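The values are calculated or read from the model by the stated rules, or taken from the named source; none is laboratory data. Values in this document were obtained by computation on a predicted structure and should not be read as measured data. Quick reminder, even Gly has a Cβ in these numbers, built from the backbone with ideal geometry, and neighbours come from all protein chains shown.
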Amino acid sequence: MRGALIHGVLLVVMLVYGYRTWTRDQTVKPDLGSVVLWEKAESDLVAIELKSDRQITRLERRTDGKDSYWWGIETTIEKKPKPPEPPKPAAGSAAGSAAGSAAGSAAGSAAGSAAGSAAGSAAGSAAGSAAPAPAEEEIRKVHEFPIGEVAEKLIKDFASARALRDLGTPSDEQKKDYKLADAKTTLTVTFKDGSRSFLVGGSVYGGSDRYIADQKTNRAYVLSRDLISNLEVGESSLHIVDPRGFDSAKIEAVTIEGGGKSKTFARVQQTDTDGVQRKSWGDPDTKKADATIANFIDNTNNLRPTEYVPGLKIADLTPVLRLTYKDAAGQLLGTLGLYKREKPGELPAGTELDPANPPQGEVEYLIVTEKTRIPGIVRRDTAQRTEQDIATVFSDHPTTAVEPKGNPFGNTPLPPTNPHANPHGGASAGSGSAAGSAATPPAPGAGSAAPGAPAAKPGAPAAKPDAAKPDAAKPGTPAAKPDAAKPGTPAAKPDAAKPPAAPSAEPPKPAAPPPASH
């Protein structure tokens, strides 16, 4: 009973704590501390870098003419065993010559003495020294990206950095507790007049704030997790989310340019089936909502870069589409350009180039905005769908979309069927002399099912349909085929012996000769 009571009290305490955590005020700024590390202007800040043995995250200030902007760089470091070097060609010849000479001159005495001395010395040296560690090679991959709101806030916090606690100069034992003794991660903040560098240790007990130590003064501090965690995550936490770089709720007009044409659309009010007023897109003059245009503009919001290509020039790309955004006052908010290029094919790892079958290239789509500054690669399926819909935007399309299921021809009647068409896919009647003869029904007993019928020679002209009467021949008598051979043409030899034909009471009438060809 006492144990159940204790567990019940603990459960109530955890529920209260969870409720307070869930309903806490999200607008309260995180506590970065009150211990002043430095007080600088944001314009004096040059770079922030967190470096570990696996990743380097760097935010740096760049200049473009008179303008300056912040940029992100993430470098991932992968270490793996270095592949062994191939054996040298000289080793084989030297071994062969040495083996030959040794076999002839020192086969007896050298074999015995060398075996004893080499075995002893090799065993002693191998036992005393360990095998060398395999060599490693370092592979680095660099990704550049425009920064987002999280990185912008981080820059402001580092301009006037604060610590939660000042721990003074730690002893060797304290450095071990703080995990600063063997720390390899460093945090470097660079200003115009110098830099400050810190070792980054472990987390405080029961929390996620971090111990740091100034590498110049050896003083230790507790730094808020908000200044470290996003740098540890890297690009996925610091990059820009919307490449346009402004609040999409401010957009009131969009000008679409593509294929040498241009159209402007505006925000309009639309009443849905529930009678609720919603914003949509439509004609700026009539204020009539257009679902096709609304879907097109909404789909362009999905053009989000997955990777940026800093060395690629916009002049080398093919323009596909350009969107210009304006607010309610007609002021320019920004632009978005969609481009494409033919990307050369790449060989799979470990394969050689075959000149007869080079790797296939593929079309790559990219976007550029004032915020991205450089081309960013977007999903090909999303960009292709946008490119295909450009023609619909500039056409007199219906305002109601066609249902995805149903008759693909809409309300248009289907084309009439040909009554003379062959349902099995053959040629229709009347398409030629061969088709006409094929459409004529064969006489009873004259066909592939008739026993003992001789095979006609392929390519022989067809005889008239009334050349042989159906009732002329009795069962077992060879009947004249419609495709009679010309006079003088030898008949094809049968593949098998025919059964003897029964005597006929009345001989069949001779077939009429075919008309002479001119």
Within the stretch 184-194, restricting to residues that are of a type outside the set (Val, Ile, Thr) and touching a residue at least 24 places away in the same chain (Cβ under 8 Å), the one that is farthest from Ile48 (Cα to Cα) is Lys184
Condition first: aliphatic (A, V, I, L, M), farther than 30 Å from Gly148 by Cα and in a loop (DSSP other than H, G, I, E, B). Can you find one or more residues in the stretch 304-323 that meet it? no
Collect the residues in the stretch 17-51 that are at pLDDT 75 or above and assigned to a helix (DSSP H, G or I), keeping them in residue-number order. Glu42, Ser43, Asp44
Condition check for Glu152: among the acidic types (Asp, Glu), assigned by TED's automatic domain parsing to the domain that holds Gly330 and either surrounded by 13 or more Cβ atoms within 10 Å (Cβ to Cβ) or in contact (Cβ under 8 Å) with a residue 24 or more places away in the chain (or both): no
Tell me which residues, restricted to the stretch 52-85, are of a type outside the set (D, E, K, R), part of a strand (DSSP E or B) and free of Cβ contacts under 8 Å to residues at least 60 places away in the same chain. Ile56, Thr63, Ser68, Pro81
Within the stretch 297-353, work out how many residues are free of Cβ contacts under 8 Å to residues at least 40 places away in the same chain and hydrophobic (A, V, I, L, M, F, W, C). 6
Considering the stretch 196-208 alone, what residues qualify as being out of contact with any Phe, Trp or Tyr (no Cβ under 9 Å at 6 or more places or on another chain) and modelled with pLDDT of 95 or more? Ser197
Any idea which of Gly311, Gly345, Gly334 is in contact with a strand residue (DSSP E or B) (Cβ under 9 Å, 6 or more places away or on another chain) and either surrounded by fewer than 12 Cβ atoms within 10 Å (Cβ to Cβ) or modelled with pLDDT under 90 (or both)? Gly345
Output the number of residues of the stretch 205-239 satisfying the condition of being part of a loop (DSSP other than H, G, I, E, B) and either among the polar types (S, T, N, Q) or outside the structural domain of Glu149 (by TED's automatic domain parsing) (or both). 5
If you go through Leu366, Leu333, the only one that is within 25 Å of Glu74 (Cα to Cα) and in a strand (DSSP E or B) is Leu366
Give the residues of the stretch 266-300 that are part of a loop (DSSP other than H, G, I, E, B) and surrounded by 13 or more Cβ atoms within 10 Å (Cβ to Cβ), sorted by residue number. Asp283, Pro284, Asp290
How about the stretch 354-366: which of its residues are over 12 Å from Lys313 (Cα atoms) and either surrounded by 13 or more Cβ atoms within 10 Å (Cβ to Cβ) or touching a His at 6+ places or on another chain (Cβ under 6 Å) (or both)? Pro359, Val363, Glu364, Tyr365
Could you check how many residues of the stretch 147-185 are of a type outside the set (A, V, I, L, M), touching a Phe, Trp or Tyr at 6+ places or on another chain (Cβ under 7 Å) and part of a strand (DSSP E or B)? 2
Here the residues within the stretch 359-390 that are acidic (Asp, Glu) and free of Cβ contacts under 8 Å to residues at least 40 places away in the same chain are Glu362, Glu364, Asp381
